[in-house]
Each structure stands twice: as structure tokens, then as C-alpha cells.
Amino acid sequence: MLQHFDPNKDYGTPARVSENLVTLNIDGVEVTVPEGTSVLRAAAEANINIPKLCASDNLEAFGSCRICAVEIEGRRGTPASCTTPAENGMSVTTQNNKLAKLRRNIMELYISDHPLDCLTCPSNGNCELQDVAGAVGLREVRYGFEGNNHLDAKKDESNPYFTFDPSKCIVCSRCVRACEEVQGTFALTIDGRGFDSKVAAGQDDGFLASDCVSCGACVQACPTSTLMENSVIERGQPEHSVVTTCAYCGVGCAFKAEMKGNEVIRMVPFKDGEANRGHSCVKGRFAFGYATHDDRVTEPMIRDSIDQPWKKVSWEEAFSFAAGRIKDIQAKYGRESVGGITSSRCTNEETYLVQKLIRAAFGNNNTDTCARVCHSPTGYGLKTTLGESAGTQTFDSVMKADMVMVIGANPTAAHPVFGSRLKRRVREGCGLIIADPRTTELVKSPHIIADHHLKLRPGTNVAFINAMAHVVITEGLEDKEFIANRCDNTAYNKWREFISEERHAPEQTEDITGIPAAEIRSAARLFAAAPNAAIFYGLGVTEHSQGSSMVMGIANLALATGNIGREGVGVNPLRGQNNVQGSCDMGSFPHELPGYQHVADDAIRGRFEASWGVTLDNEPGLRIPNMFNSAIDGTFRGMYCQGEDIAQSDPNTNHVDQALRSLDCLIVQDIFLNETAKYAHVFLPGASFLEKDGTFTNAERRINRVRQVMPPLSGMADWEVTMALSNALGYEMNYSHPSEIMDEIATLAPTFKGVSYDRLEELGSIQWPCNDAAPEGTPTMHIENFPIGLGNFAITEYVATEERSTRKFPLLLTTGRILSQYNVGAQTRRTPNQAWHDEDVLDLHISDAEMRGISDGDWVGISSRAGDTVMRARITDKVQPGVVYTTFHHPGSGANVVTTDNSDWATNCPEYKVTAVQVVKVNSPSSWQQNYQNFDDQQQDFLKQGRESVSQ
Ligand code: SF4
Ligand code: SF4
Ligand code: SF4
Ligand code: FES
């Protein structure tokens, strides 16, 4: 069992894992540590604290400052303890007069070129230089400031979140090493030599202009105030902290929210966070200011129609108005005429309550979630093949992979902390295959070159994965033992026959996929030959008309090569939103109760009926696209939407607009008047993650605690709002804390049976399944068998999407995300992250641009069979000819006006990744954009009137 270390202490060098232990004597104390541990760390583990400056326990030792010098019996001189490995029988002295003098001399030199403004320094009270000066007993500085020094060096304030003040730099290189080792960006260097050496970002052109991605690792590593958060400079050192979980992506990083009163001063990645291991990205680390942005709507509002201004009301009136409307609709149009959408941004407990309200209070199964539009094919595909709708590994597992294949994902932008971990593993020698139409950072970046970039055409994933599997099977590269012992042989033989057919050979599919046959063959051989090969995939796999087939194709390949059931392998969906795994687990889908239990199963439903005290519908309800269609045809008339912005995030905006306008009652619960709320009749103020108590479940199935950092600005937690709405509807809910909701979940969802808040406090986090068989959770799935017994190979016939390029729409549009903005941008657009991306642009290849007379920065019209929009063009070689790419972070850019409602055959997940479009140079916004602007102006005015109205 791994030793637990104090997450608030810096042990100087990284922990080592080894079966061989060594015992040494430090200052008379016997200390036993794993082989490879430094003397500095061994001492720290025994609470003997040797002063240090250039060392930090998330970085490999560097040995430049010499402050950590010690004496070792039988060795000459005073070796640096950070670079000296502990050995059996070693006898170490860490304190004596000679060492004290040596350390004081070193500190004197440092301080002689350091401003003596401690009292006014933002680091005062939290400065390692100050601490070490105190620890070594520095009392005087003999050298004075007369000679050359750096005291007037100019600050770099280009980054919106932190300042670089070189006058305080001790050139310890911790920042440079953090950028290299932890983040993997290599944006910093030490320029010059000796006295002239200094930290430089990029070509010394400042942080903002450099390759820096603002992850904050260097700021955290800096032992002085040279690199310092602006929030600390402006507001001073924090006073207390609360550990919670990031609310952006599915990595689920743990942070210490460092506070002054109720104000967050900074978010510091938590060293004990098992998903992030003390690292972060710009969003979680810095982009939290949206939570207290002026745009927050914190009072309930109602109105009769969307053509009217909002009216502020009391919570009671809002609940009674909403419940009255829902009841009236059901009385007139039937029980099935209403439904709701749960949020993958909200906690498990909140999501559970919303689906419970829909099933128990509305009395139907018309519940769905945004996973419909991102990872629903993952649920279907992995359940069919592996028996469980979730990824198989921990993020740590990638450090044991010998080959990683990334398909349709851009982790350094969308899952940045995992992206950094993957890059680290690749720098250690792990192979890398990228399958993506675009050239992402992982294809080539400092110290990273993928073995293969399989540049497939959008929409041809299944042809590609079948070709990979064809090579494995026909060249005899499969893992026969794994297949014989762990897989269903009938299904395997059927699949083997199918996949061996010549039509799946890379030579036959290269015209479809655009990937040269030799490349596929080589990639398949590399993948199959690796002792541990892992697959990570993203929305580039799922958001297709064959999303579910592709997920099954990926699982087939992992099964055929025996890459399931141990560390370093597996099938790993990279989840988009922070709690998309949790929202699926919590029964958000219309056909599944919490824990992926089918509503049609009488025994299962009976258990829920007994617990909830109602009769439940045994028919699956409407999915989101069906809700929209039914709204337009008039049979679906009321919706409760918590924490989702379907008006911006769902495809074919014109269709969504028509559906939302058709509703008689739209209840939106959110922190801002988002795009969807502009169509609402009831607005219930929501709480940001900083105001929540609960849990999120990340892409590793890891249940993390979300702890309240400040009280809800609206006065009510989101779960309390849902509970009150349910009570107003006449279905009583009565919880006094989210932990009680989790206790109920544990009684109803077998995979959550062992989960409770007490257990989470004890273990830090838990990866489900957590039950009697796995009381501490399940980091790696399917070790001995699958929930369905044997692994199931599925037939994955390639069927070309109907959305193909034509003479009218000759280009294929694919969409994605970038690092600095998040999803629909509602949060990040309200932060200084705007500095990196304040508009969505259309990336197109130079050949396509030249053909159309388009120059970089021109306005271009993008039209598809669904609609038209206008954006600025960016000419790039990151997309291949025939493919164009954009993001959807800004509502006014209308990326989803263009996407169609083509969808996955099994789950209706929209085909965001393939839209046939034409692109032409234009001079003015599209008519959709003009209408959007008018509607937005009108709704902002209605909001203003609502804010100014007197609460009744
Ligand atoms: S913020 Fe991150 S990327 Fe930027 S220089 Fe620092 S460590 Fe490197
Ligand atoms: S900026 Fe900070 S971490 Fe970097 S070299 Fe200077 S003192 Fe060290
Ligand atoms: S990687 Fe994801 S979870 Fe981690 S800090 Fe960034 S956005 Fe938050
Ligand atoms: S801490 Fe060991 S040499 Fe700097």
C-alpha cells in the first residue's frame, strides 16, 4: 500500500515507487525509503527539514542552489541532498556549524541581489526565500546593493492572470522545469550565463506572446514572488482554504480554493487530487471569476410569454407559477406533454433529483441530458461490448502505457491536464498514434512527435477502425490467449469472419478514409505489438452518424489485442463536461434509471417505486431531439432545463429556436440568462460550483467531492430549488443535505452501493463500482471478467454518412474546442480568458482559400443545408484540403446554425463532426446573425427591466 504524504508539505523531490527499500541514518534517526529516493526527501519524510530552494517534490532534482548541502559519512565535501540518492547504511548529518555557515553564505549571495521589500511584497508570509533565510539564520548581508544587480528589471504584466517580476528572481529554474516536466510546453528558458542569466518566455517577448498556455505550473513552482497571481498581488495572501473539484472538463482536477472571507483569492491545484496530481490548466486555475460576475442573475423571475419583460418574484411565487403551468399543461395535453433536461455541469445529487422529479412528479420518463449530444454512443457502445458504460482506467494508468492511440480527441486543448500527463509519458518513450482529420498539438510539439498521424476524412472513422482490426486479424497479431479466455467465442468468430473480409483491408479503404494503406498497416502493427496499448478517444469518435459503431469498433480492437483489464491499457472516453459521466450514471437518460437500470425491468422499477413511493412509467421517454420535434408538432409543451444551454449547444439552431418558441412553459435554472433562458417563462437562479456541496464524477468514474466555498448567491442551493419545485408540484421531497441524496443513490444503484460522504472523506475519492466486492472502488475495470461475463465483439459495418460533400456544399465542416474557452463559453467568456479567443473563426486550408479568393481575416459566409452564418477566416495548414473547422464558444458566431440534425443511428447523438458546407467571401453578417442580434437586444432589455422590477 502506498504511503500517504501530507499534501500541504513539499518533500523536495518526487516520491519513488520501488519494492526495494533502503535504510539510512539521518541525524541519528533511522529512515527507510524506497530505493531511488533522495536524501532530501528521506529526511523530509522523517520530519527532518533540510533547507532547499531549487528543489520541489513535483520536479526532478536539479542541484543548482546548494542550500540543501549535507555531510555524509565517508564522503568528501558537502553533497546536495536533493540529487543524492539514499543508500543502505548511509549516515547523514543535516545540521552543524560548517553547513550552517555554508548555507548562510549562499543565502547572503541571493539576498544581495534581491529587493529588501519583504513587508510590501505580495509573498510576504508565504515566501520560501524568506523562510529559508530565517531557517539558515541569515542576519546580515555583507555584499550590499552597490554592484551590478537586477533590482530594476522590468515586470512582464502581459498575462492577464499573473505577473513576472524579474527583480525578485533567484534563477532557481523551478519555473522552467515546471513548464517542461509538469506542463510539457517548454515555453520558458534560462537565457544567458552567470550573472546575466534570466528567465525568458518564448523568444523573450513576454508571457502572452510566447507559447505559454497559462497553466500556472511555473507560478506555483516559484519559491519567491517573481511569478505571482495578480489576484494575490491585488488582494493579499489568502487566509483559509477549501478543497473542491474543478467544474470545467471531465478530468476533474482537485483544487484548494484559497480564500479571504467568502472571496476566492486563488485556486491552487491540490497535490492529493488523484486525477490531476497537483497540476491544472488555465480554466480551473484562473478562470473562476465568472462565479461573481455582474451578469449573475440571483433572483427568481417569471413572465407569461417570451415577448414580455421579466418580473422579479419571490421563490415561492416562482415555484407556484412554474408548478401551476406544468400542471395546467399536463391537464390539457396529458402526462407525457412535459419533460426536462438534467445537467452535466451540476452535481450527481442535483442531477439525480432532477430526473427523480421528472419521473416521480411529472410522471413520465421524458428526461435527457447533454450527454445525448456528446458521449451517448460511449454508453451504448461500451455497454454492448464490455458490459459497462464507462472508461476502463485511471489517468495514472497512462504512465504504464507503451503505446497510446488518440482518436478524435485533442487532449492538450480539451483535457489539458491529462494532455500534459500523456505528453510526459510520450517523452519517456511511449509510442503515439493520432487519428484525427486535423493536425493537433500532439502530432508535433516540443519533444513530441507522433509515430503516426492518421489524417482521416471526417465521417470515415468506422472504415478506419475496421482496417486497423483487419490488419491485426489477417496478420495474426491478435492476442489469442486473451480472446480464448476472456471473450465470447461465438461473437468473436463471427466478427473475425467479418473483419477478415478483403473489403476492410487498408488498401480497399484508403480511398474512403484518405489514409495510405501502408500507414494503417504500420500503425496497426505498432499498436498490436505494444505490451500495453491504450486508446483514448473524444467527441471526434462519438459525434457521428456511426458514433456507436465506432465506439464498438474501438472496443473490438482493444479486445482483439488483449488490451483490457490491467494498468496501461484500456478504452478511455475523454468526457467533455465535468460531470457528464455522473449525469449518465444518475439516470438522466429516458430509458435508464440511476445506475444504468432499464425502466422496462419490472423488478428494478419496483425497487425505485418502493423507495420513491410512486408508480413509474415503464416506457422509455423522449430524447432531446424527440422533445424538440414533439414541441414543434405541439404534443410537448413544457420543459424544466437545469444548467444546460441547449439553444447554443444543440445542432441546427433554427430547429431548436422553433422548438423552444413552441413551448408554453420553459423553466430554466442557471447562473446566467443564457441563450436558452431567453426563451424561458420561469428563471430559477442557479449556483456556481463554488456555491455547491455535492459530488462530480470524472472520466475515470472517479467520484470527487465538491465542497461549498461560499454561500449560494441566490440564497438557495440547486438541489433545494429542485426539491421545492417538486414539492410545489405535489411530489414531496425532503432532504436536509446532499449527503442524504447520495445515501439514497447508494441504496438504488448497485455500482454506488458503497459510496457515502463519510467514505469519500476517508478515501479522498472513489472510482465506481464501489460495493461489497470493491469497498474502496475500482480503479481498473474488467480485470478478471466483464459485467456481461465475456467480452463481446460487435459487427461494425461501415456506412457512409448521408452528410457528404456535393457540388453545392463541397467542404466538410468539423467542430471542436480550444483551450481557453469552454463549451458554450458561458463561463469563460466572462473571464479574462477572452484575451486568447474572443471570437470563433473558421480554419481553412490555403488551397481552399485561394480557390475562393479568401485571405486571412476575411469575413466568410458558411452555408449548409441547415443554415448560414458568417465568421472570420483563418488560413492554416492544420486542416487538410476539403476540411474546414470552427469552435462554438460564442453564441453570435452561430456555428450550430450550420450543423445539421443528422445523428448517430443508436443514440441520436448529433453528427457535429461532419457538415457539408460551402464557404464564400462576404461583407455582412448572415440574416440569422442579424435576427439573433435583435432577439438578444430585446431579451437583454427584458432582463434589465426584470432586474429593475420590484420583487413581489
Ligand atoms: S503558465 Fe504553464 S505554460 Fe505558461 S510558462 Fe508557466 S508553466 Fe509554462
Ligand atoms: S521565476 Fe521563480 S521559479 Fe523561476 S527561476 Fe525565478 S525564482 Fe525560480
Ligand atoms: S484540466 Fe479540466 S478539470 Fe482540470 S483544471 Fe483544466 S478544465 Fe479543470
Ligand atoms: S535544493 Fe538541492 S541544490 Fe537546491
*Would you kindly compute the Cα radius of gyration of the stretch 508-619 and its largest Cα-Cα separation (Dmax), both in Å?*
19.4, 62
*For 127, 65, what ranking results if the residue with the fewest other Cβ atoms within 10 Å of its Cβ goes first?*
127, 65
*Which Cα, out of 344, 315, 297, lies furthest along the positive dipole direction of the stretch 285-351 (beta carbon charges, K/R +1, D/E -1)?*
344
_Among 4, 111, 879 the positive-end extreme of the charge dipole of the chain (Cβ point charges)_ = 111
*How would you order 725-734, 327-336, 342-351 from highest to lowest mean count of nearby Cβ atoms within 10 Å?*
342-351, 725-734, 327-336
*Given charges at beta-carbon only (K, R positive; D, E negative), |dipole| of the stretch 442-597 in Debye*: 240
*Could you pull out every residue, at least 5 positions away or on a different chain, whose amide H is within less than 5 Å of the one on residue 431? Hs are placed 1.01 Å off N in the peptide plane, and Pro or chain starts have none.*
403, 404
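By counting other Cβ atoms within 10 Å of each Cβ, how are 819, 40, 690 ranked from fewest to most?
So the residues, fewest neighbours to most, are 819, 690, 40.
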*Sequence-distant or interchain residues sharing an amide H contact under 5 Å with residue 38, placed H: which?*
86
*Alpha-carbon Rg with Dmax, taken over the stretch 38-191, Å*: 16.8, 52
_Gap separating the Cα centres of the stretch 596-627 and the stretch 172-206, nearest whole Å_ = 57
*Which whole-number percent gives the relative contact order of the chain, counting Cα pairs below 8 Å spaced six or more residues apart?*
13
*Considering the zone a paramagnetic label at residue 197 would reach in this model (a point 7 Å from Cα along the Cα-to-Cβ line), which residues of the stretch 37-71 have amide N under 17 Å from it?*
53-56, 60-69
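Given a Förster distance of 45 Å, report the FRET efficiency between residue 88 and residue 707 from their Cβ-Cβ distance, rounded to the nearest 0.05.
0.55
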*asked:* From the P(r) of the chain, could you give the percentage of C-alpha pairs in the tail past 54 Å?
replied: 16
_³J(HN,Hα), Karplus 6.51/-1.76/1.60, whole Hz, each residue of the stretch 907-915, x for Gly, Pro_ = 10, 6, 5, x, 8, 4, 7, 9, 9
*Ranked packing of 660-671, 748-759, 411-422, most packed first, by mean Cβ within 10 Å*: 411-422, 660-671, 748-759
*For the stretch 860-917, compute Rh as the Kirkwood radius over C-alpha pairs and then the Stokes-Einstein diffusion coefficient at 25 °C and 0.890 mPa s; write the answer in µm²/s, rounded to an integer.*
197
_Tail weight of P(r) past 19 Å, computed on alpha-carbon pairs of the stretch 435-518, percent_ = 48
_Could you give each residue of the stretch 737-750 its phi-based ³J(HN,Hα) in whole Hz, using Karplus coefficients 6.51, -1.76, 1.60 with θ = phi - 60°, and x for Gly or Pro?_
7, x, 4, 6, 5, 4, 4, 5, 4, 5, 7, 10, 10, x
*To the nearest 20 debye, what is the magnitude of the charge dipole of the chain about its Cα centre, counting +1 on the Cβ of each Lys and Arg and -1 on the Cβ of each Asp and Glu?*
1020
*Sort 614, 199 so that the residue with the fewest other Cβ atoms within 10 Å of its own Cβ comes first and the one with the most comes last.*
614, 199
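Laboratory data are not the source of any read-out in this text; all were calculated from the coordinates shown. If you're wondering where the values come from, they're calculated on a predicted model, not measured in any experiment. Glycine gets a Cβ as well: all are built from the backbone with ideal geometry, and neighbour counts include every protein chain shown.
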